[in-house]
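Here's the structure we're looking at; comments come further down.
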Amino acid sequence: MKIILIAFLIALGLMPGVTLAQHDHASGGAPEHKAEAPHGGEIKDVGKYHLEIVFDPMASLEKMSIYILKSNLNTLNSKDASGTISLNYKNGTEVNTELLNDNINKLFCDVKDVVNPFNAIIKIVYKGKSYSTTFFYKGMK
């Protein structure tokens with residue numbers, strides 16, 4: 001009976017000194033990052049680093065910003081980075097753009113068509129190594 005009570009208390013999290021790791025393995029077994037993005041964007045795991053993608057369709061310029069983050073989510077200096085983005089729209093249109101670098105902390109570009117949905121393929125080269133990810137925008141329709 002004592003073992004059942006202890007198991008019950010552990011299940012409820014009421015047993016002092018006992019903690020259970022919490023990860024979301026719904027995405028194929030890899031833990032999903034639950035930490036808050038430092039710039040309010042979407043964090044993508046790309047191996048050694050993370051890319052934070054911030055998309056603001058209402059911005060006059062720099063609608064798409066990409067930050068390179070360490071594993072602790074601190075922003076890295078972008079001076080050693082370059083990249084491209086390919087916007088693939090639902091209607092079949094494809095727009096390829098070189099990302100601009102502010103040489104401080106981000107790569108960025110303007111996106112002309114923010115009404116229609118697109119899938120962005122982002123390729124970054126940082127300190128001689130390539131990293132890539134995708135970002136989906138559902139559009140304004």
**Request:** Would you check if there is a residue in segment 62-79 being within 20 Å of residue 138 (Cα to Cα), at pLDDT below 90 and over 13 Å from the mean Cα position of the chain (by Cα)?
**Result:** no
**Asked** Counting only residues that are closer than 10 Å to residue 82 by Cα, surrounded by 14 or more Cβ atoms within 10 Å (Cβ to Cβ) and without any contact (Cβ under 8 Å) to a residue 60 or more places away in the chain, how many does segment 115-141 have?
**Response** 2
**Message:** I'd like to verify a number: residues in segment 48-61 that are part of a strand (DSSP E or B) and touching a residue at least 60 places away in the same chain (Cβ under 8 Å), how many?
**Reply:** 3
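Look at residue 73 and say whether it is touching a strand residue (DSSP E or B) at 6+ places or on another chain (Cβ under 6 Å) and of a type outside the set (Phe, Trp, Tyr). Explain how you work it out, then say what you get.
On the way: touching a strand residue (DSSP E or B) at 6+ places or on another chain (Cβ under 6 Å): no; of a type outside the set (Phe, Trp, Tyr): yes.
No; evaluated as a whole, the condition is false for this residue.
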**Message:** Out of everything in segment 28-61 that is among the aliphatic types (A, V, I, L, M) and out of contact with any strand residue (DSSP E or B) (no Cβ under 7 Å at 6 or more places or on another chain), what residue ends up being modelled with the lowest pLDDT?
**Reply:** 30
**Complete:** Per the list (1) in a strand (DSSP E or B); (2) at positive phi, residue check on residue 73 breaks on (1)
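Step by step: first the residues of segment 70-99, then only those that are exposed (fewer than 15 other Cβ atoms within 10 Å of the Cβ) and small (Gly, Ala, Ser), then the one that is farthest from residue 120 (Cα to Cα). Which residue is that?
Checked segment 70-99; the qualifying residue farthest from residue 120 (Cα to Cα) is 71.
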**Asked** Name the residues in segment 62-114 that are among the acidic types (Asp, Glu) and either touching a residue at least 24 places away in the same chain (Cβ under 8 Å) or closer than 13 Å to residue 131 by Cβ (or both), would you?
**Response** 62, 80, 102, 110, 113
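Check 131, 67 and return the single one that is aromatic (Phe, Trp, Tyr) and either assigned to a loop (DSSP other than H, G, I, E, B) or in contact with a Lys or Arg (Cβ under 7 Å, 6 or more places away or on another chain) (or both).
Details: 131 fails: either assigned to a loop (DSSP other than H, G, I, E, B) or in contact with a Lys or Arg (Cβ under 7 Å, 6 or more places away or on another chain) (or both).
The match here is 67.
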**Message:** Against the conditions (1) closer than 22 Å to residue 60 by Cβ; (2) in contact with a Lys or Arg (Cβ under 9 Å, 6 or more places away or on another chain); (3) assigned to a strand (DSSP E or B), where does residue 97 fall short? Just the number, please.
**Reply:** (2)
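The values are calculated or read from the model by the stated rules, or taken from the named source; none is laboratory data. Since this is a predicted model, take the numbers as computed values, not measurements. Note that we place each Cβ from the backbone using ideal geometry, even for glycine, and neighbour counts take in every protein chain shown.
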